Amino acid sequence: MTEKEAINGALPTSGHLPMYVMHKFFARKQEDVIREYIQAFSKKEEIVCDPFCGSGVMIGEAIRLGRKAVGIDINPVSIFITKNTLKHISDLNRIIEEFHRIKAEVKTDITRLYQTTCRNCGKNIAAICFTWKDKDPIDVRYECPEHGRNISPVNELDLKLLNKIEDGEIIEFFDDDGDCRYWYPVNKFYYNDKTPFLKKERFNSVDEIFSKRNLISLAKLYDQIKKIDDLELQEVFKFAFSSMTHLASKMTPVRPSRPYSSAWVQQSYWYCPNNMESNVWNLFERAVIGRQGLVKAKENLSESFKKKTQASSFKELIKGQNNDYLLIESSINNVEEIKEDSVDLVITDPPYGYSIQYGELLYMWGCWLQLMDNFDDIARGEIITNPRQKKSDVEYERMLKIAFKKIFQWLKPESYCIVTFHNPNLKYRNILFRSVLLNGFEFEKIVYQPPPRASAKSFLQPFGSQRGDYFFRFRKPRWRNDTISYKSIDANQVEELIVDITKRILVERGEPTCYTDIQNMLDPILYEKLKKSQLLMDFNPENIEKILKRHVGDIFEVVDVDIEGIGNQKLQGKGWWLINSKKNG
């Protein structure tokens with residue numbers, strides 16, 4: 001059995017490596033799975049390309065395996081994150097020394113903004129965080145050297161300090177007019193034509209998503225980072241800064257399970273009424289020297305990265321000895337330097353239609369990094385469904401087809417295009433499928449890849465969201481056959497197929513099954529059947545759940561099931577079952 005033949009099912013996977021967890025990104029792929037695909041479908045020194053490189057997982061794993069890699073992304077934040085994720089730093093003492101220089105300059109001033117008192121001994125201490133309910137501070141959370149961690153209601157001293165900040169009376173941060181002495185972004189969550197972002201909620205601009213205390217703390221810290229003379233080191237610290245800015249925002253909910261930390265849990269600039277205001281200095285310290293911070297990530301960087309350098313052009317990448325990767329900040333549709341029949345493998349994770357608005361969600365980081373001067377141009381070239389950008393599903397498919405036409409040209413004959421996709425809506429998965437297939441690719445297989453650990457919540461809903469990813473496998477034929485004619489299948493035939501496949505899944509499992517499990521098993525069977533008959537859904541099909549819901553009561557029923565939760569805890573959820581298993585089997 002060849003390595004290619006071996007990847008006909010899900011692969012074992014675990015958590016992310018330190019290099020990939022330092023900076024948040026949306027829908028980051030599991031690197032051990034990506035590594036297996038690159039290993040199976042390419043060889044050392046061959047060229048692997050990811051035309052939607054995002055946070056750089058495909059590029060990083062190609063370099064680890066001794067391939068030459070090309071990463072393309074229209075968003076400069078993606079290029080920035082990828083570049084700094086891959087960057088090898090030979091002397092980590094430079095980072096530690098620079099951190100201590102910044103610490104000496106700003107820590108005292110910043111931590112003074114979070115000063116509170118231990119409720120047991122009265123000692124002055126910097127809070128870990130304050131929590132808020134709408135516009136009111138509720139409690140303070142701190143750790144006293146003598147009395148440990150504590151959560152207490154805010155007191156008069158806490159409120160007095162807060163009022164001084166709100167009134168601009170802290171001389172280290174404000175001038176005589178009460179204005180902040182340091183720059184911070186005030187970019188609006190609007191396009192140039194005054195249309196609001198799709199992911200804009202209550203906040204109107206970047207600065208509004210931070211409390212005044214956290215905003216001025218971030219501004220002073222960033223000012224110090226910009227003073228670093230060594231520009232390469234300055235960029236590394238900007239990367240660390242960017243990795244924690246969202247954790248200092250009002251978008252971080254108070255969580256009972258983790259009372260001293262939070263996360264950006266919604267894929268929007270959402271208003272969180274009960275939010276956590278974390279100490280900015282603590283966040284920065286963790287980002288640099290914490291257990292998932294910059295130093296740890298670089299300590300664990302593989303030997304593969306130590307001699308790798310970034311090429312300045314595709315030509316240099318091909319000819320260079322140590323120029324093992326190339327990052328191109330551009331829309332794939334505008335890339336001209338990659339030559340026809342020059343790429344050995346494409347492995348990529350394109351935007352999921354409407355699902356994740358990457359451009360808008362990366363905007364906050366990009367504004368702090370001062371990379372968003374041409375955001376409307378970035379948005380114009382983004383391949384996505386977004387009514388605020390005046391991009392319908394039709395426009396998304398048009399742009400996606402142009403992209404895969406380029407990819408087809410770049411790939412060598414008989415080489416593979418692996419596309420991973422995460423969208424619970426069959427319509428968008430089928431748009432992707434059409435966009436690749438109709439450019440001349442041969443479809444081979446879809447493999448469902450589950451996540452390392454699914455949340456218990458994802459099992460509980462009968463019409464729940466997708467877990468994991470689909471890996472679509474396409475191949476460029478030696479000779480393009482433009483005479484292939486795919487027969488159309490109509491909506492009624494698709495519905496019959498989906499119902500029959502679901503019945504087959506339930507009979508084979510022999511037990512009520514959660515909807516998410518049905519969905520994850522259904523696509524590979526559905527597209528295999530379409531492939532055998534050379535059928536194509538040349539329309540946008542309904543969601544699988546909508547189709548199946550129509551048959552609840554005559555073919556299917558939704559019943560209570562016990563689900564294995566975390567720590568062997570039994571949870572009650574919903575499962576699909578056949579009303580009459582003998583009749584419908």
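All of the numbers you see were taken from the coordinates with simple rules; none came from a lab. Values in this document were obtained by computation on a predicted structure and should not be read as measured data. We place every Cβ from the backbone using ideal geometry, glycine too, and count neighbours over all the protein chains shown.
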> For SER152 and ARG291, what does the FRET efficiency come to when R0 = 25 Å and r is the distance between their Cβ atoms, rounded to the nearest 0.05?
Replying inline: 0.35
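Quick one: net charge around GLY168, please, counting Lys, Arg +1 and Asp, Glu -1 for every other residue with C-beta under 9 Å from its C-beta.
-4
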> Hey, rough spin-label estimate for ASN8 and ASN300, points 7 angstrom out along Cα→Cβ, what's it come to in nanometres?
Replying inline: 3.5 nm
>> Just the number: Rg to Rh for region 201-313, Cα atoms, Kirkwood Rh, two decimals.
In response: 1.03
> In whole Hz, what ³J(HN,Hα) sequence does region 407-415 give by Karplus (6.51, -1.76, 1.60; θ = phi - 60°), x for Gly and Pro?
Replying inline: 4, 4, 5, 5, 5, 6, x, 6, 8
> Hey, fewest Cβ within 10 Å first, where do LYS220, LYS68, LYS24, LYS227 land in order?
Replying inline: LYS227, LYS24, LYS220, LYS68
>> Could you give the length gained by full extension between ARG202 and GLN234, i.e. 0.36 nm per residue of separation minus their alpha carbon distance, to one decimal place?
In response: 8.2 nm
> For LYS160 and LYS194, FRET efficiency with R0 = 35 Å and r from the beta-carbon atoms, rounded to 0.05?
Replying inline: 0.30
> Given N residues in the chain, what is Rg(Cα) / (2.2 N^0.38 Å)?
Replying inline: 1.05
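With only Lys, Arg, Asp and Glu charged, each at its Cβ (+1 for the first two, -1 for the last two), find how big the charge dipole of the chain is about the Cα centre; round to the nearest 20 debye.
Values: 85 positive and 82 negative charges, 221 e Å.
Here the chain has a charge dipole of around 1060 debye.
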> Can you give the relative contact order of the chain as a percent, counting alpha carbon pairs under 8 Å and 6+ residues apart?
Replying inline: 14 percent
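Hand me the GluC sites (Glu not before Pro) from region 41-114 located in a DSSP loop with no more than 12 other Cβ atoms within 10 Å, in residue order please.
Working: sites: GLU45, GLU46, GLU61, GLU97, GLU98, GLU105; in loops: GLU45, GLU46.
Hits after loop and neighbour filter: GLU45.
Loop-only GluC sites (Glu not before Pro) in region 107-185, please: DSSP not H, G, I, E or B, and at most 13 other Cβ atoms within 10 Å. Working shown, then result.
On the way: sites: GLU143, GLU146, GLU156, GLU166, GLU169, GLU172; in loops: GLU146, GLU169, GLU172.
Loop-located and lightly packed - GLU146, GLU169, GLU172.
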> What spacing in nm lies between the two simple spin-label points modelled at TRP577 and LYS529, each 7 Å away from Cα in the Cβ direction?
Replying inline: 2.4 nm
> Given a Förster radius of 41 Å and the C-beta distance between HIS88 and GLU340 as r, what FRET efficiency does 1/(1 + (r/R0)^6) yield to the nearest 0.05?
Replying inline: 0.80
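Assign unit charges at the C-beta atoms only (+1 for Lys and Arg, -1 for Asp and Glu), then state the dipole size of region 92-299 relative to its Cα centre in Debye, rounded to the nearest 20. Please report the intermediate quantities before stating the final value.
Values: 32 positive and 31 negative charges, 175 e Å.
Charge dipole, region 92-299, about its Cα centre: 840 debye, nearest 20.
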>> Using the Karplus curve 6.51 cos²θ - 1.76 cosθ + 1.60 with θ = phi - 60°, what ³J(HN,Hα) values do you get for each residue of region 292-309, in whole Hz, with x for Gly and Pro?
In response: 10, x, 4, 4, 4, 4, 6, 4, 8, 5, 4, 4, 4, 8, 5, 10, 8, 10
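Rg(Cα) of region 1-152 divided by 2.2 N^0.38 Å? All intermediate terms of the calculation are to be shown ahead of the outcome.
Values: Rg = 22.9 Å, N = 152, 2.2 N^0.38 = 14.8 Å.
Computed over Cα atoms of region 1-152, the ratio equals 1.54.
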>> Which one, ILE431, TYR363, TRP281, is farthest towards the positive end of the dipole of the chain when Lys and Arg carry +1 and Asp and Glu -1 on their Cβ?
In response: ILE431
> Taking neighbour Cβ counts within 10 Å as the exposure measure, how do SER90, SER313 sort from fewest upward?
Replying inline: SER90, SER313
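Quote to one decimal, in nm, the extra length available between ALA104 and GLU496 on full extension: 0.36 nm per residue of separation minus the C-alpha distance between them.
Working: separation 392, 0.36 × 392 = 141.12 nm, distance 6.89 nm.
This chain segment gains 134.2 nm when fully extended.
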> Roughly how many debye, to the nearest 20, is the charge dipole of region 485-585 about its Cα centre, given +1 on each Lys and Arg Cβ, -1 on each Asp and Glu Cβ, and no other charges?
Replying inline: 240 debye
>> I'd like the Karplus ³J(HN,Hα) series for region 125-137: coefficients 6.51, -1.76, 1.60, θ = phi - 60°, whole numbers in Hz, and an x wherever there's a Gly or Pro.
In response: 7, 7, 5, 6, 6, 10, 10, 10, 10, 6, 9, 10, x
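Under a Cβ-Cβ cut-off of 12 Å, what is the net charge of the residues other than PRO477 that fall near it, where Lys and Arg count +1 and Asp and Glu count -1? Don't skip to the answer; put the middle values down first.
Working: positive: LYS412, ARG475, LYS476, ARG478, ARG480; negative: GLU414, GLU442, GLU444, ASP482.
Residues near PRO477 contribute +1 overall.
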>> Counting other C-beta atoms within 10 Å, and keeping those with at most 10, which DSSP coil chymotrypsin sites (Phe, Trp or Tyr not before Pro) do you find in region 478-527?
In response: TRP479
>> Over the Cα atoms, compute the radius of gyration (one decimal) and Dmax (the largest Cα-Cα distance, rounded to a whole number) for region 485-585, in Å.
In response: 15.2, 52
> Farthest toward the dipole's positive end in the chain, which of ILE138, TRP479, LEU162, given Cβ charges of +1 (Lys, Arg) and -1 (Asp, Glu) about the Cα centre?
Replying inline: TRP479
>> Using alpha carbons only, how many angstrom separate the centre of region 133-209 from the centre of region 230-286?
In response: 13 Å
> Hey, fewest Cβ within 10 Å first, where do ILE89, ILE383 land in order?
Replying inline: ILE89, ILE383
> Long-range amide H contacts for ASP538: which residues qualify at under 5 Å (H placed 1.01 Å from N, peptide plane, sequence gap of 5 or more or a different chain)?
Replying inline: ILE489
